[in-house]
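One structure is given below, encoded as structure tokens.
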Amino acid sequence: MSEAIRLSISGMSCAGCVSSVEDAINGAAGVTLANVNFAEHTATVEGDVSVESLISAIQSAGYDAALLVSAEDESEKEAAELAYYRALLKKAGVAAIIGFPQFILGMAGYLPTFASGGGRLFWLGIGLLTIVVLVYSGGHFFVGAWKSARNHNANMDTLIALGTGTAWLYSMVIIAKPDLVPPMAQHAYFEAAAIIIALINFGSAMEMRARGKTSQAIKRLIGLQPKTARVVRNGIEEDIPIEDVGLDDTLRVRPGERIAVDGVIVDGRSTIDESMLTGEPLPVKKQTGDEVVTGTINKSGSFLFQAKRIGKDTALSQIIEMVRTAQASKPAIGRLVDKVAAVFVPSVLIIAIVTFLAWVNFSGGDQAMTFAIVTAMTVLIIACPCALGLATPISIMAGVGKAAEFGALIRNGDALQQAGKLNTIILDKTGTVTEGRPSVTSVLTLDDWTEEKLLAWSASIEKGSEHPLAEAIVAAAVERKIALLPIDDFSAIAGHGVEASIDGRSVLLGNRKLMCDRDVDVSPLEDAVSELMRQAQTPMFMAVDNKAAGIISVSDAIKPDSGEAIRRLHDLGLKVVLLTGDNPVTAQAVAKQVGIDEVIAEVLPQEKADKVAALQAQGELVGMVGDGINDAPALARADVGFAIGTGTDVAIESADITLMRGSLLSVVDSIGISRATVRNIKQNLFGAFIYNSLGIPIAAGALFPFIGVLLNPMIAGAAMAMSSLTVVSNANRLRLFKPSDSSR
């Protein structure tokens, strides 16, 4: 699969533009997926397509685009947005200087009428000043409206350009030919046009400033990447740009410095602050052979490490890319909103025309034309769907960023939306509820077998296995300095154990089911096995030439925070299920210690996904938490898969959410953030829909028959600007959210 292309998009003014840009991108040959983020003004494109053809397609639709690749590109985009923010403030200031004095003097009755020649000259001068405002402060609205019209589209620019342009044109006609309308309708709307443009520009500037805060998570992550690294070449240490570091280069890290690339320590030891990855505040001890990760901080000693992953391959770069992709993605609710927004502006244009015609034809009186102009202009100004377009993406950006702060990397918007709806959580046992570092606790033998001999044979068979229980047996043999033996005919029996030959004798090592399948009598060990399992230990049987030789009991300590995490999952209203290949008695013992509701034991790896599907068939929305290769199918089958980040790459790739710290509390945090984000999106959408649902009828004059009042177009402009700012501000509340609060 080709790498996703990220583009910076300029010229988008409202949610309606999103569909236009997406349609243009999807029209390019080879595009398989396109996501346009209105809040970030970016597009993420997947498929076999060139950047040039994408930019050409976007430009053909009336917008512009540039490729985003490096941190420098992001910095340029940020600098351009800062410059645009300042330009908007200047434009707002110029429009305000022209508009507000007119408004104040007009309210005080100091402005002349059209009756005298001097009065008409005065208003002609005001009209010329206002056209300066329309060109300088509002020119981008008219250019955007023209581009949209050429491409048979309509957007926010269309509404503003029509509203303010109509106000100016009507006023100039009245100045030139006041007798065209009755005296009561002889009113200029220059101040309305200028103030509307001032308010909208000011609101857009404030919205941009607030929007920037939602992307702080990405900026902080990018800021963790050092600019230089201290490399050791030919015995000489020198600082070089990070781009010049090569694979297998040896780097020096001194106390207090950030680690420049991913690698393995080759000399020295230290403690490393990995909180940027895991959210865990306590430093981690590292020594020769341990991995270190880009962006983490060396707290104490100096050490040398060898670079193993550089550039885009580092864990930090992949995290940044995952967060960025998730922020740009859309959940189902967002895609629905985009469809609504696509038809919203054309609908508003129709409503404005109907409003104008209704007032002209049915209101009667000398002020019919004035009322028609005012109401049509007010409908155009108040109905801009900016708030609607920002409601979902701005919350997604904030929610994904907040999750990243707590060590949860969310792959896409759908996962973020779904996580909050889960009602059942399935937990793998080893490495998820437990530490995943089991140790041998006892060795029981039969006949002439000694503990040392039983351990030697067991470790010899298991030395090539990566299973945690196998590693525990090998570690116990190494600790006792027991020599391992050569083996032949090794084979793994999935979900049951292993078999091999030692000194020409057939050896089986595995669970009770394996012994039963091979007709091995283990009755002499039954009492001891039952007691071990009640203590949450896992017994592994060894048989030689189909005769029981003894058992090796392995225990895996429960993580200190598993009990608290499961209690908080219950507080969130979720049912917790333990799914394990271990025996039922041991599994029940673990479940009892941490308060798990249900246990499904002795499940083969290939059966885990089936168990997830069975719960889904009962109407459950299922989240699966695991860390091993054998969990990958179940993670992929679940409604939301959570992979413990300390686990295997296969499990992480199969999951929707990657937990960078090996704690179940991250699952609770993710669900809490999901619920808070979806709640925030609904608040934004409710506000946006209510604003437009109430604003358009009021702007059209629905209150006039009852209280004799029409909505001033300037108030409509202020309301439109404030609606977007309110949505962005509400989304920014997520930055203050603490996941621990969600279960209270």
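Which of the strands (runs of 3 or more DSSP E) contained wholly in the stretch 397-480 include at least 2 residues that are crowded, with 24+ Cβ neighbours inside 10 Å? Give the derivation first.
Numbers: elements: 408-410, 424-428, 439-445.
Here the list reads 408-410, 424-428.
When you check I310 against the structure, is it under 31 Å from the mean Cα position of the chain (by Cα), under 30 Å from V264 (Cβ atoms) and not polar (S, T, N, Q), yes or no?
Criteria met by I310.
Condition first: among the β-branched types (V, I, T), under 30 Å from A57 (Cβ atoms) and either without any contact (Cβ under 8 Å) to a residue 60 or more places away in the chain or open to solvent by 70 Å² or more (accessible area, probe 1.4 Å) (or both). Now tell me which residues in the stretch 136-174 satisfy that. First the steps, then the outcome.
Start the filter on the stretch 136-174 by keeping residues that are among the β-branched types (V, I, T), which leaves 143, 158, 160, 164, 166, 173-174.
Still in the list and also under 30 Å from A57 (Cβ atoms): 143, 158, 160.
Of everything in the stretch 136-174, just one residue is among the β-branched types (V, I, T), under 30 Å from A57 (Cβ atoms) and either without any contact (Cβ under 8 Å) to a residue 60 or more places away in the chain or open to solvent by 70 Å² or more (accessible area, probe 1.4 Å) (or both), namely V143.
For M184, are the conditions met, namely being closer than 16 Å to C17 by Cβ, modelled with pLDDT under 80 and either open to solvent by 10 Å² or more (accessible area, probe 1.4 Å) or in contact with a helix residue (DSSP H, G or I) (Cβ under 7 Å, 6 or more places away or on another chain) (or both)? Working first, answer last.
On the way: closer than 16 Å to C17 by Cβ: no; modelled with pLDDT under 80: yes; either open to solvent by 10 Å² or more (accessible area, probe 1.4 Å) or in contact with a helix residue (DSSP H, G or I) (Cβ under 7 Å, 6 or more places away or on another chain) (or both): yes.
Against the criterion (closer than 16 Å to C17 by Cβ, modelled with pLDDT under 80 and either open to solvent by 10 Å² or more (accessible area, probe 1.4 Å) or in contact with a helix residue (DSSP H, G or I) (Cβ under 7 Å, 6 or more places away or on another chain) (or both)), M184 does not qualify.
I'd like the full set of residues that are over 13 Å from the mean Cα position of the chain (by Cα) and within 17 Å of L569 (Cα to Cα), limited to the stretch 406-433. Give the steps one after another, and end with the answer.
Pass one, the stretch 406-433, residues over 13 Å from the mean Cα position of the chain (by Cα): 420-433.
Result: G420, K421, L422, N423, T424, I425, I426, L427, D428, K429, T432, V433.
Matching residues to (1) crowded, with 16+ Cβ neighbours inside 10 Å; (2) outside any loop (DSSP other than H, G, I, E, B); (3) of a type in the set (S, T, Y):
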{"position": "Q225", "(1), (2), (3)": "yes, no, no"}
{"position": "V232", "(1), (2), (3)": "no, yes, no"}
{"position": "E237", "(1), (2), (3)": "no, yes, no"}
{"position": "E243", "(1), (2), (3)": "no, yes, no"}
{"position": "V264", "(1), (2), (3)": "no, yes, no"}
{"position": "I272", "(1), (2), (3)": "yes, yes, no"}
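State the number of residues belonging to the stretch 305-321 that are open to solvent by 40 Å² or more (accessible area, probe 1.4 Å) and part of a helix (DSSP H, G or I).
Counting residues in the stretch 305-321 that are open to solvent by 40 Å² or more (accessible area, probe 1.4 Å) and part of a helix (DSSP H, G or I) gives 5.
I55 versus (1) under 26 Å from M397 (Cβ atoms); (2) exposed (fewer than 15 other Cβ atoms within 10 Å of the Cβ): which is the lone unmet condition?
So the condition that I55 fails would be (2).
Select from the stretch 247-277 the residues that are in contact with a helix residue (DSSP H, G or I) (Cβ under 9 Å, 6 or more places away or on another chain) and at pLDDT below 85 and list them in ascending order.
M276, L277
Please go through the stretch 349-367 and pick out each residue that is part of a helix (DSSP H, G or I) and either of a type outside the set (A, V, I, L, M, F, W, C) or open to solvent by less than 10 Å² (accessible area, probe 1.4 Å) (or both).
A352, T355, N361
Out of the stretch 502-519, which residues are without any contact (Cβ under 8 Å) to a residue 40 or more places away in the chain and either more than 17 Å from A470 (Cα to Cα) or charged (D, E, K, R) (or both)?
Within the stretch 502-519, D503, G504, M515, C516, D517, R518, D519 meet the criteria.
Go through the stretch 371-380 and give me each residue that's open to solvent by less than 10 Å² (accessible area, probe 1.4 Å) and more than 11 Å from I696 (Cβ to Cβ).
A372, M377
Here are the criteria: (1) at pLDDT below 90; (2) surrounded by fewer than 22 Cβ atoms within 10 Å (Cβ to Cβ). Tell me which single one S723 does not satisfy.
Result: S723 passes all but (2).
Select from the stretch 383-397 the residues that are at pLDDT below 85 and either more than 16 Å from R335 (Cβ to Cβ) or not small (G, A, S) (or both) and list them in ascending order. Spell out the reasoning first.
Of all residues in the stretch 383-397, those at pLDDT below 85 come to 383-394, 397.
Those that are at pLDDT below 85 and either more than 16 Å from R335 (Cβ to Cβ) or not small (G, A, S) (or both): A383, C384, P385, C386, A387, L388, L390, T392, P393, I394, M397.
The values are calculated or read from the model by the stated rules, or taken from the named source; none is laboratory data. Since this is a predicted model, take the numbers as computed values, not measurements. Note that we place each Cβ from the backbone using ideal geometry, even for glycine, and neighbour counts take in every protein chain shown. When the accessible area is computed, the model is the full protein with side chains, heavy atoms only, and any ligands, DNA or RNA have been set aside. Shrake-Rupley method; radii C 1.70, N 1.55, O 1.52, S 1.80 Å.
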